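Shown next, in structure tokens, is the structure this report addresses.
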Amino acid sequence: MASLLNVIHLVACWEKSPKPSVKILLSRKEKLNEQNQINHSASDIWANDNSTSMDKSNYTKAGEYRSTRRGMSWKYELYLAVNECINNSTSKEEFISNIEKLGYKVKWTDTRKYITFTTPNGKKCRNNKLYKADELTKEKIENRLQLNARYADKGELQQRMNNVLNAVALLLSPKSNNQRNSKNHKNYPLSKLEGDALIERIAELKKGRGIDWDNQHNNDYEQEW
């Protein structure tokens, strides 16, 4: 998740500063990705699946992991949205408001043990079924929000959340409608923001060119910081 915050930071810097070369930006992002180890193992990502059937559990873990690796897991996309909004909110109400801006619905009541999220496509999932569910209990979410309220700069958090919303809006813009996998990145924009070569893709979009979301950049980039 730290890698996603780093990506959003790079997007914000892209908007405000003179434009360095794409190769330098990609080199920086590669280093950030390495530091934060964004390539999780299958056992790590889906360790919190609580299925009682071993065969069913293994099938679900493997299937969801493959989907995640393809950037097509709605559960992982939901996790990214939840975590990002926690990081950039200072209260329960602000958290709910922020995640609703990303198209999700939230049912969080004092009488229920779990929080229920509904995706933009109508799929429902409780917080105890998400990746890193042990970090997303009601109590721990509230603790994180309280720490933000106590120590974080609220203006900075709002700006970071705006950067997230702007980056998602950019991915959902009509300029990318002609791409083969436009449905993919429109359904999983935060997952795409974790992908490689984001800055190059944004640069292409800003120039009015189409974005090839399937293109893998395997060149050796300049090691500059």
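The values are calculated or read from the model by the stated rules, or taken from the named source; none is laboratory data. Not measured: the values here are computed from a predicted model. Cβ atoms come from the backbone with ideal geometry, glycine included; neighbour counts cover every protein chain shown.
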Kindly indicate the residue of segment 109-141 that is touching a residue at least 12 places away in the same chain (Cβ under 8 Å) and among the β-branched types (V, I, T) and also surrounded by the fewest Cβ atoms within 10 Å (Cβ to Cβ) among those meeting that condition. T118
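Could you tell me which of the residues K175, K186 is farther than 18 Å from L80 by Cβ, surrounded by fewer than 21 Cβ atoms within 10 Å (Cβ to Cβ) and either at pLDDT below 80 or not aromatic (F, W, Y) (or both)? Break it down into steps so the answer makes sense when it comes.
On the way: K186 fails: farther than 18 Å from L80 by Cβ.
Residue meeting the stated conditions: K175.
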For segment 67-91, pairs from a residue that is within 13 Å of P189 (Cα to Cα) and outside any helix (DSSP H, G or I) to a residue that is at pLDDT below 95 and among the aromatic types (F, W, Y), with Cβ under 8 Å and 6 or more apart or across chains, are G71/Y188; M72/Y188; S73/Y188
Since V106 meets every condition but one in (1) surrounded by 13 or more Cβ atoms within 10 Å (Cβ to Cβ); (2) at pLDDT below 95; (3) not in a loop (DSSP other than H, G, I, E, B), which condition does it not meet? (2)
